[in-house]
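My questions will all concern the structure given below.
The values are calculated or read from the model by the stated rules, or taken from the named source; none is laboratory data. Being a predicted model, the structure only gives us computed values, none of them experimental. Glycine also receives a Cβ, built like all others from the backbone with ideal geometry; neighbour counts cover every protein chain displayed.
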């Protein structure tokens, strides 16, 4: 039994307009995504801005309503449940946000922020010892106790955010670009903290990022998203060495190489991402893909196996040779 | 002990930094506090009477007939006369309030017709109105009614306006859409005509008038609260609370409302001036509190009708302008102190 199993999850936002606020169309933010996550596993989710990776994270935590599909947590269907019925799930699944300052109530001090999880889940107070233990675990001193979010640096705030997320000893942690707003030097500290926590507690982690290098560093498996869909998923090594989807290949090429002798001229993707409102019938990537054929523009690819762990959604995956890109 | 969060403390410090606002606030606080003891400051009953070794405190005592103090009448003692009598006889003494007149008391002086001009010897510091009632006494008691009317109205309209606005913004959707339309329609009911019609049928008292102004006045706050709630509810800290499993009540009262505090506080002074203005204008038009209730609007009406007795209109206009300007200064200072652009920086 997987820790988390998502089947055909969709999240659509209605687009309203006109005097009567009629629904004119729908934004397909997350489009029939299926994936699984095991305890102790990190699944990295990458994709460019607006591809729906954050919405996927928020939807699977039931922070926005699911439009379609099914989410199972430890084998139990948790889709469309009331707040009360979700409380046990809330305890087990937490989120780390991108902008830690936004995610902390500026009017509450650290003690109040970190006591809140215990209060909500009805643990008998006072919670001071628990809060101090959390602070120690994320590498903050006891002097942080009475301070307010604006008195901390970005990295320290993210530590507070992480402390809040692990307060109830969750089994699943969704990290929504937790380091992309931080300095590079601080990024690695936070990443190490997350990796330590994962090992220590056997956390299942969903690590959302737009930076493939960051994801590669800490993920066991990586899923690549494009326009609300997963186009390729597989173990990190396999994905990097033998990408099967042209989009994955383009993302890998976009990682800057530090050694100038090995640097190759950038081959940026051309064209625009199609509108998520009027999705193309065929492959969503066809408009930017150099291998696209008429068949690509008409048939919608589905995730199919490359080997037992590696899946790709490209109808020409077997024909094209991405190594000679 | 109330622990203020640093944001509030910083805003308060900035508020104090705006001098005219801070001093206006101090004066207003003293004035509002003084309404609790208006009887001790403005009254035709003595504060203390010592008569033949006995102590009397007539302000907070029952009606005392003149015979109590050896006078030859059984109706209520005229303490101003008693003071003169006791000073001559040496049987005791009387301490009168600084303004020794009641707002309802009609004063007449031999050989003069009301209104009497200001006269320090008679202790009519601002003169009397056309009925011979002391202007300062009527101003003081009128202020007490006006300010408390305005404050109670403020609390009522804010509680309802904030609750409804917050609910519309938080739940959104159809309830928001319908709520907005209902409020738009309700806002277009001509309040003044309704009050005039009702006031011509029944005589409105303090609470009826307040009820009418409340029923037609709670909508203003809903718009601002609705927008503020919409904005706050979409922020990540609310999402974080939601992901912890917080209830709607907890999210609204612990997270959203404290973060809209600056908006609410900013509107308070302007609501106070609005309340005072409404009551005064209704009184001026004659649809407010029934006579002989001391009221600034009624005094203003008398003043404008008797411009040759300029002390009436001068007193009430100065008082009204002074009060409203002070409240507005406070409002400005609060608005500046809470201006988000001055102490937040984008990361």
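Which one of the conditions (1) more than 11 Å from every other protein chain (Cβ to nearest Cβ); (2) crowded, with 19+ Cβ neighbours inside 10 Å; (3) modelled with pLDDT of 90 or more does residue A:52 fail to meet, given that it meets all the rest?
For residue A:52, the failing item is (3).
Read through the list (1) in contact with a helix residue (DSSP H, G or I) (Cβ under 8 Å, 6 or more places away or on another chain); (2) closer than 30 Å to residue A:167 by Cα; (3) within 14 Å of chain A (Cβ to nearest Cβ), then give the number of the only condition that residue B:265 fails.
Looking at each condition in turn, residue B:265 falls short on (2).
With the requirement that a residue be surrounded by 14 or more Cβ atoms within 10 Å (Cβ to Cβ) and within 14 Å of residue B:230 (Cα to Cα), what does the range B:165-179 give you?
Just the residues of the range B:165-179 that are surrounded by 14 or more Cβ atoms within 10 Å (Cβ to Cβ), to begin with: B:165-172, B:176, B:179.
Across the range B:165-179, the qualifying residues are B:165, B:166, B:167, B:168, B:169, B:170, B:171, B:172, B:176.
For the range B:227-253, what are the residues that are part of a helix (DSSP H, G or I), surrounded by fewer than 18 Cβ atoms within 10 Å (Cβ to Cβ) and either in contact with a helix residue (DSSP H, G or I) (Cβ under 9 Å, 6 or more places away or on another chain) or facing chain A (nearest Cβ under 8 Å) (or both)?
Just the residues of the range B:227-253 that are part of a helix (DSSP H, G or I), to begin with: B:227-233, B:236-243, B:248-253.
This time we only want the ones that are surrounded by fewer than 18 Cβ atoms within 10 Å (Cβ to Cβ), so: B:227, B:230-231, B:248-250, B:253.
Listed by number, the residues that qualify are B:227, B:230, B:231, B:248, B:250.
Could you tell me which of the residues A:48, A:26, A:65 is farther than 26 Å from residue A:87 by Cα and outside any strand (DSSP E or B)? Write out each step before concluding.
Values: A:26 fails: outside any strand (DSSP E or B); A:65 fails: farther than 26 Å from residue A:87 by Cα.
Criteria check complete, one pass: A:48.
I'm trying to understand the selection: among the residues of the range A:205-220, which are within 21 Å of residue A:3 (Cα to Cα) and over 12 Å from the mean Cα position of the chain (by Cα)?
A:218, A:220
Something else about it: Every residue in the range B:51-88 that is surrounded by 16 or more Cβ atoms within 10 Å (Cβ to Cβ) and assigned to a strand (DSSP E or B), please.
Within the range B:51-88, B:51, B:56 qualify.
Given A:196, A:211, A:253, A:259, which one is over 22 Å from residue A:274 (Cα atoms) and modelled with pLDDT under 90? Before the answer, list the steps.
Numbers: A:196 fails: modelled with pLDDT under 90; A:211 fails: over 22 Å from residue A:274 (Cα atoms); A:253 fails: over 22 Å from residue A:274 (Cα atoms).
Answer to the check: A:259.
Residue check, residue B:277 against (1) in a helix (DSSP H, G or I); (2) away from chain A (no Cβ under 14 Å); (3) buried (at least 17 other Cβ atoms within 10 Å of the Cβ), all met but one. Which one?
Of (1) in a helix (DSSP H, G or I); (2) away from chain A (no Cβ under 14 Å); (3) buried (at least 17 other Cβ atoms within 10 Å of the Cβ), only one is false for residue B:277: (3).
Criterion first (more than 14 Å from chain A (Cβ to nearest Cβ), surrounded by fewer than 18 Cβ atoms within 10 Å (Cβ to Cβ), within 28 Å of residue B:334 (Cα to Cα) and at pLDDT 90 or above) does residue B:224 satisfy it? Please lay out each step first, then the result.
Details: more than 14 Å from chain A (Cβ to nearest Cβ): yes; surrounded by fewer than 18 Cβ atoms within 10 Å (Cβ to Cβ): no; within 28 Å of residue B:334 (Cα to Cα): yes; at pLDDT 90 or above: yes.
When the stated conditions are applied, residue B:224 does not pass them.
Condition check: within 14 Å of chain B (Cβ to nearest Cβ), closer than 25 Å to residue A:304 by Cα, buried (at least 21 other Cβ atoms within 10 Å of the Cβ) and modelled with pLDDT of 90 or more. Does residue A:59 satisfy that? So that I can check it myself, show each step before the final result.
Details: within 14 Å of chain B (Cβ to nearest Cβ): yes; closer than 25 Å to residue A:304 by Cα: yes; buried (at least 21 other Cβ atoms within 10 Å of the Cβ): yes; modelled with pLDDT of 90 or more: yes.
For residue A:59, the condition - within 14 Å of chain B (Cβ to nearest Cβ), closer than 25 Å to residue A:304 by Cα, buried (at least 21 other Cβ atoms within 10 Å of the Cβ) and modelled with pLDDT of 90 or more - is met.
Another one. Can you tell me which residue is farthest from residue A:5 (Cα to Cα) among those in the range A:81-126 that are more than 10 Å from every other protein chain (Cβ to nearest Cβ) and crowded, with 20+ Cβ neighbours inside 10 Å?
Checked the range A:81-126; the qualifying residue farthest from residue A:5 (Cα to Cα) is A:110.
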